[in-house]
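The values are calculated or read from the model by the stated rules, or taken from the named source; none is laboratory data. Note that the structure is predicted; figures quoted are calculated from it, not measured. Glycine gets a Cβ as well: all are built from the backbone with ideal geometry, and neighbour counts include every protein chain shown. Side chains included, ligands, DNA and RNA excluded: accessible areas come from the protein's heavy atoms. Shrake-Rupley method; radii C 1.70, N 1.55, O 1.52, S 1.80 Å.
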Amino acid sequence: MNKKLILLLSFVLTAFSVFGQISIIPQPSIVLKPEKPGNFLIDSKTPIVVSGTQLTNSANYLKNYLTKTYGVNLKTQNHTSASPAIFLQIEQKNDVPSGVYNLLVSKEGIYITGYDEAGVFYGVQSVLQLLPVTKTSALTVPYVTINDAPRFSYRGMHLDVSRHFFTVSAVKKYIDNLALHKFNYFHWHLTDDQGWRIEIKKYPKLTEVGSHRSGTIVGHHPGTGNDNIPEGGFYTQKEVKEVVKYAAERYVTVIPEIEMPGHASAALTAYPNLGCTGGPYQVQQTWGVFDEVFCAGNDTVFTFLQDVLDEVIPLFPAQYVHIGGDECPKTSWKACPKCQKRIKDNNLKDEHALQSYFISRMEKYVNTKGKSIIGWDEILEGGLAPNALVMSWRGEQGGIDAAKQKHYVMMTPGSHVYFDYSQSSRDDSLTIGGLTTVQKVYSYEPIQAQIQPNEEKYILGAQANVWTEYIPNEKKLEYMIFPRMSALSEVLWSPKNKRNWNDFETRLQKQFKRYDLWNVNYSKAYFDQLSTIPKAN
Ligand code: ACM
Ligand code: ZN
C-alpha cells in the first residue's frame with residue numbers, strides 16, 4: 001500500500017476507535033469506567049440543581065453552553081430530590097488546593113462535587129468534553145467516575161494587544177478558550193512600542209496619541225515597505241472591567257502588563273518629556289527593540305508611572321501587576337545626564353544597576369498597594385527586587401536562578417511555549433520564525449532537573465506567550481494557539497505520570513472536531529507532519 005493510503009486508513013481507524021470513548025483534554029488524574037457501560041441522556045427536562053447561590057455562575061455557564069452549542073435549553077433550580085438531574089455542589093474541606101473536583105455520571109444523573117467554586121467549574125468543563133462533538137440534541141454522557149486536580153496553580157496564556165489590537169469580543173473569546181482548557185490566568189500585554197491600549201484618565205494622550213500608528217511594515221521584518229494603513233484601538237476602563245468580570249465568571253484571573261522601562265515608544269510619543277532626549281518620538285510601525293525608553297533620572301517619570309498604576313490596579317483584582325522589564329537597551333541612559341546623575345547619586349555600578357533601581361522603586365510603590373510585581377527575567381540583572389515574581393522567557397535559567405533565590409516563577413521559555421513561532425516546518429503562514437510543533441509543546445516540563453524538591457514550590461506553573469507582530473486578526477490568532485494550547489493545558493493540569501504523547505494524539509483527533517464545534521480556527525500543521533514526527537514513548 002502506498003503511504004497516503006496507510007495514513008488515511010490509520011485515520012479512519014483512529015477516528016472510529018475514539019468515537020464514544022472518554023477523551024478529555026487536559027487528561028484528568030483518575031478516570032474510572034463502570035463495570036456496566038451506559039449513557040446518561042441530558043434533555044430539556046433534565047434540571048441543573050445547585051446547592052447554594054455561589055454555584056449559579058457555573059450552572060448558568062453550563063446552561064448557556066448547552067443552548068449555544070446544541071440548542072438544548074435546561075432549567076436551573078435550587079435543592080431538589082428530583083432525579084435524574086445534573087447536581088452541582090461544593091464540599092468543604094481544608095487544605096485542598098483550588099480547582100479539585102469529583103465527577104460521577106450514572107443513570108441517576110451527573111454529580112459534580114468541587115472543593116471550591118473553581119473546582120465545580122472544572123467539573124462542568126469535563127462534562128462538556130463528555131458530550132458529543134457534533135451539533136445534536138441527543139446529549140449522551142458516558143457513565144464514568146473522575147477524580148481530578150490541577151498539577152500547577154499557575155496555568156497561563158498571554159496575549160499581546162499592542163502589536164495588533166484585538167476587540168473586547170475577541171478577547172472574550174480568547175478567555176472562553178482558556179476556560180475550556182482549565183487555564184486560570186490571562187496575561188494581558190497592554191502597552192508596547194506599537195500601541196498603548198488602556199485608557200488612563202489622568203493622561204488622555206496615552207490613548208488619543210499612543211493607541212494609533214499610521215502604518216505597519218509589510219511582510220517579515222525588516223519588511224518590503226509600509227502598508228500606510230492606520231492601525232489602532234484601546235480599551236476604556238469600563239471595557240476593562242467588563243473583560244475582568246467576564247474572566248472571573250470563568251475562574252480566570254487577568255494580570256495587566258504595563259511595560260517599563262523599555263518598550264515605551266507609544267507612551268513617549270504621547271508625553272515626550274518622559275524620555276531621555278525629549279523626542280520627538282513615534283508610535284512604532286515596525287518590530288524589534290527600540291532605544292527610546294523611559295528616563296530613569298527624571299522623577300516625573302516615576303510620578304507618571306505611579307499615577308498610571310493608581311488607575312490600573314483598582315481595575316484588576318489580581319494579586320500581581322506585570323511591569324515588563326524586558327529588552328530595555330541602555331543606549332539612551334548612557335548618553336543622558338539625568339540618568340548618569342542618578343547612577344552617581346545612588347552609587348550604582350552601571351546602567352544594569354540603574355534598571356534594577358527603576359524596577360525596585362516601582363516595586364516598592366506596587367507593594368504599598370498590597371500587590372506584587374511580576375517581571376520578565378531581565379529583572380534579575382543588577383539584582384532582583386525583593387518581592388518580585390519572575391517570568392522566565394529567555395530559556396529557563398532565569399526561572400531556575402530566581403527559584404534558588406526563593407522567588408516565585410512562571411516558566412515561559414521561547415524554546416517551547418512561544419506560540420508566535422511556526423508550528424510547521426513547511427512555512428504555511430507568515431510568522432516570527434522558529435519552529436514549535438504541538439509535540440514539542442507537549443514535551444515541555446516546567447520543573448527542570450536543577451530544581452531541588454524543596455524549591456519546586458517556587459515554580460508556580462507556566463504560560464504560553466502570544467506576541468502578535470504577525471498575528472493581525474482573530475482567525476490567525478486562533479490558528480496560532482490551536483492545537484498547541486491544548487497540549488500546554490495537559491502539561492499544566494495533568495499529573496506528570498499521566499502525560500503520554502500517543503494517548504494525547506488519539507484524544508487530539510476528537511479535539512479537532514471540538515474546535516469545529518466551538519467555531520475556532522486551528523492549524524492543520526499537525527496533519528502535515530504526521531509522517532515526519534518521530535514518535536515519543
Ligand atoms: C519577551 O519575549 N520580550 C518577553
Ligand atoms: Zn535619562
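Within segment 49-59, not a single residue is farther than 18 Å from Y122 by Cα and either modelled with pLDDT under 90 or in a loop (DSSP other than H, G, I, E, B) (or both). Of all residues in segment 470-478, none satisfies being closer than 28 Å to A149 by Cβ, touching a Ser or Thr at 6+ places or on another chain (Cβ under 7 Å) and either at pLDDT 95 or above or part of a loop (DSSP other than H, G, I, E, B) (or both). Tell me yes or no: at least one residue of segment 114-122 is part of a loop (DSSP other than H, G, I, E, B) and either under 21 Å from P26 (Cβ atoms) or open to solvent by less than 10 Å² (accessible area, probe 1.4 Å) (or both). Yes, that holds for at least one residue.
Residue count for segment 290-327 under the criterion of being part of a loop (DSSP other than H, G, I, E, B), within 24 Å of F186 (Cα to Cα) and within 16 Å of ligand 1 (Cβ to nearest atom): the result is 3. Among the candidates K364, K406, K334, the residue that is open to solvent by 40 Å² or more (accessible area, probe 1.4 Å), within 16 Å of ligand 2 (Cβ to nearest atom) and either at negative phi or not polar (S, T, N, Q) (or both) is uniquely K334. Restricting attention to segment 313-331 and to residues that are open to solvent by 30 Å² or more (accessible area, probe 1.4 Å) and more than 15 Å from ligand 2 (Cβ to nearest atom), the residue that is farthest from V390 (Cα to Cα) turns out to be P314. From the residues in segment 251-281 that are at negative phi and free of Cβ contacts under 8 Å to residues at least 40 places away in the same chain, which one is farthest from ligand 2 (Cβ to nearest atom)? That would be P280.
Being in contact with a Ser or Thr (Cβ under 7 Å, 6 or more places away or on another chain) and either at pLDDT below 95 or not acidic (D, E) (or both) is the requirement here; does A266 meet it? In short, yes. Picking from residues in segment 351-371 that are in contact with a helix residue (DSSP H, G or I) (Cβ under 7 Å, 6 or more places away or on another chain) and not in a helix (DSSP H, G or I), the one that is farthest from F316 (Cα to Cα) is K369.
Could you grab me the full set of residues in segment 156-165 that are open to solvent by 10 Å² or more (accessible area, probe 1.4 Å) and either of a type in the set (F, W, Y) or not in a loop (DSSP other than H, G, I, E, B) (or both)? The answer is F165, and nothing else. Output the residue which, of all residues in segment 379-403 that are open to solvent by less than 10 Å² (accessible area, probe 1.4 Å) and part of a loop (DSSP other than H, G, I, E, B), is farthest from ligand 1 (Cβ to nearest atom). Here the answer is A385.
Inspect segment 283-299 for any residue being away from ligand 2 (no atom under 11 Å from the Cβ), in contact with a strand residue (DSSP E or B) (Cβ under 9 Å, 6 or more places away or on another chain) and either among the aliphatic types (A, V, I, L, M) or free of Cβ contacts under 8 Å to residues at least 24 places away in the same chain (or both) and give the result as yes or no. The answer is yes; a qualifying residue exists. Can you tell me which residue within segment 409-431, out of those that are assigned to a loop (DSSP other than H, G, I, E, B) and under 20 Å from G156 (Cβ atoms), is farthest from ligand 2 (Cβ to nearest atom)? So the residue we want is Q423. Taken over segment 337-361, the criterion of being away from ligand 2 (no atom under 15 Å from the Cβ) and free of Cβ contacts under 8 Å to residues at least 12 places away in the same chain is satisfied by N347 alone.
Residue-wise test of (1) free of Cβ contacts under 8 Å to residues at least 40 places away in the same chain; (2) buried (at least 23 other Cβ atoms within 10 Å of the Cβ); (3) aromatic (F, W, Y); (4) under 24 Å from S126 (Cα atoms).
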residue: S443; (1), (2), (3), (4): no, no, no, yes
residue: T468; (1), (2), (3), (4): no, yes, no, no
residue: K475; (1), (2), (3), (4): no, no, no, no
residue: V491; (1), (2), (3), (4): no, yes, no, yes
residue: S494; (1), (2), (3), (4): no, yes, no, yes
residue: W501; (1), (2), (3), (4): no, no, yes, yes
residue: E505; (1), (2), (3), (4): yes, no, no, yes
residue: F512; (1), (2), (3), (4): yes, no, yes, yes
